[in-house]
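Since the structure comes first, as structure tokens, the remarks are kept for the end.
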Amino acid sequence: MKVHHTTIACIRRDGKVAIAGDGQVSFENTIMKRSSRKVQRLAGGKVIAGYAGAAADALTLMERLEAKLDQYGANLERAGFELVKEWRTDRVLRRLEALLVVADRSQMFLISGGGDMIRPDEDVIAVGSGGGYALAAARALLAHTTLSAEEIAREALGIASAICVFTNDQITVETLE
């Protein structure tokens, strides 16, 4: 699944994790809104999540993930796994076009409707139309600076917004320590 029209980046450094998302909402080649919020806290603030893809689809999946987190005591890995199973096997959910980036204090995952629940080898995930740019920027910043997770997430999204026409500089960041 190729997801357009947003960028989400998740960075972990020094025991802190940050997820950043841009605010642009596009319809085809038109910017409809500049200040959408695509990153939020779940499970009473124990989990942070960001989404790329169709907003209604992503918000439906966030609600499902929140219910799974409630069901499994905020165990992100178990809740994510159960969401992936449901997403993959349910006829209605299977058609949803979105990607979720989720993290708690100790782990981060990319969750997709294709049955993927990927834990990255490195302490960074980036998805969406500007995901490649944000990923490259975040990796370089992790390797060559002492910036915090939040600062790297902001900088990576800022760099992506200067390159990708479907990503803007209205950045929202949520962090966990």
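Would you check if V173 is over 18 Å from A55 (Cβ atoms) and surrounded by 21 or more Cβ atoms within 10 Å (Cβ to Cβ)?
In short, no.
Filter the range 117-158 for residues that are over 19 Å from K16 (Cβ atoms) and polar (S, T, N, Q) and give the result.
Residue satisfying the conditions is S129 alone.
Give the residues of the range 9-39 that are touching a strand residue (DSSP E or B) at 6+ places or on another chain (Cβ under 7 Å), part of a strand (DSSP E or B) and modelled with pLDDT of 95 or more, sorted by residue number.
Scanning the range 9-39 gives A9, C10, I11, R12, K16, V17, A18, I19, A20, G21, V39.
If I filter the range 102-117 down to residues being under 17 Å from T60 (Cα atoms) and touching a Lys or Arg at 6+ places or on another chain (Cβ under 7 Å), which single residue comes out as surrounded by the most Cβ atoms within 10 Å (Cβ to Cβ)?
Applying the filter and picking the extreme gives G113.
Only one of G132, G128 is under 15 Å from the mean Cα position of the chain (by Cα) and farther than 22 Å from F27 by Cβ; which?
One residue alone meets the criteria, G132.
Does the range 129-138 contain at least one residue that is in contact with a Leu (Cβ under 7 Å, 6 or more places away or on another chain) and hydroxyl-bearing (S, T, Y)?
Taking every residue of the range 129-138 in turn, none turns out to be in contact with a Leu (Cβ under 7 Å, 6 or more places away or on another chain) and hydroxyl-bearing (S, T, Y).
For the subset of the range 122-148 comprising residues that are of a type in the set (S, T, N, Q) and free of Cβ contacts under 8 Å to residues at least 24 places away in the same chain, which member is surrounded by the fewest Cβ atoms within 10 Å (Cβ to Cβ)?
Ranking the candidates gives T146 first.
Against the definition (buried (at least 16 other Cβ atoms within 10 Å of the Cβ) and under 20 Å from V124 (Cβ atoms)), how does L83 come out, yes or no?
Criteria not met by L83.
Looking only at the range 147-170, count every residue that is outside any helix (DSSP H, G or I) and over 13 Å from I11 (Cβ atoms) and tell me the total.
Adding up the residues that qualify gives 7.
Within the group D22, D14, which residue is more than 18 Å from the chain's Cα centre (by Cα) and either buried (at least 20 other Cβ atoms within 10 Å of the Cβ) or in contact (Cβ under 8 Å) with a residue 40 or more places away in the chain (or both)?
D14
I'm trying to understand the selection: among the residues of the range 120-159, which are touching a Lys or Arg at 6+ places or on another chain (Cβ under 6 Å) and aromatic (F, W, Y)?
If the condition is that a residue be touching a Lys or Arg at 6+ places or on another chain (Cβ under 6 Å) and aromatic (F, W, Y), then no residue fits.
Within the set of pairs 6 or more residues apart or between chains, which connect a residue that is over 16 Å from A103 (Cα atoms) and buried (at least 17 other Cβ atoms within 10 Å of the Cβ) inside the range 40-67 to a residue that is modelled with pLDDT of 95 or more and charged (D, E, K, R) with Cβ atoms less than 8 Å apart?
none
Can you tell me which residues in the range 125-177 are of a type in the set (S, T, N, Q) and farther than 22 Å from A98 by Cβ?
Listed by number, the residues that qualify are T145, T146, S148, T175.
Out of G80, G115, G44, which single residue is outside any helix (DSSP H, G or I) and either under 27 Å from E150 (Cβ atoms) or at pLDDT below 95 (or both)?
Going through G80, G115, G44 in turn, the sole match is G115.
Going through the range 149-166 one residue at a time, which ones are within 15 Å of the chain's Cα centre (by Cα), over 22 Å from S26 (Cα atoms) and either surrounded by fewer than 20 Cβ atoms within 10 Å (Cβ to Cβ) or basic (K, R) (or both)?
E150
The values are calculated or read from the model by the stated rules, or taken from the named source; none is laboratory data. Just so it is clear, the model here is predicted, and its values are computed rather than measured. So basically every Cβ, Gly included, is an ideal-geometry build from the backbone, and we count neighbours across all protein chains shown.
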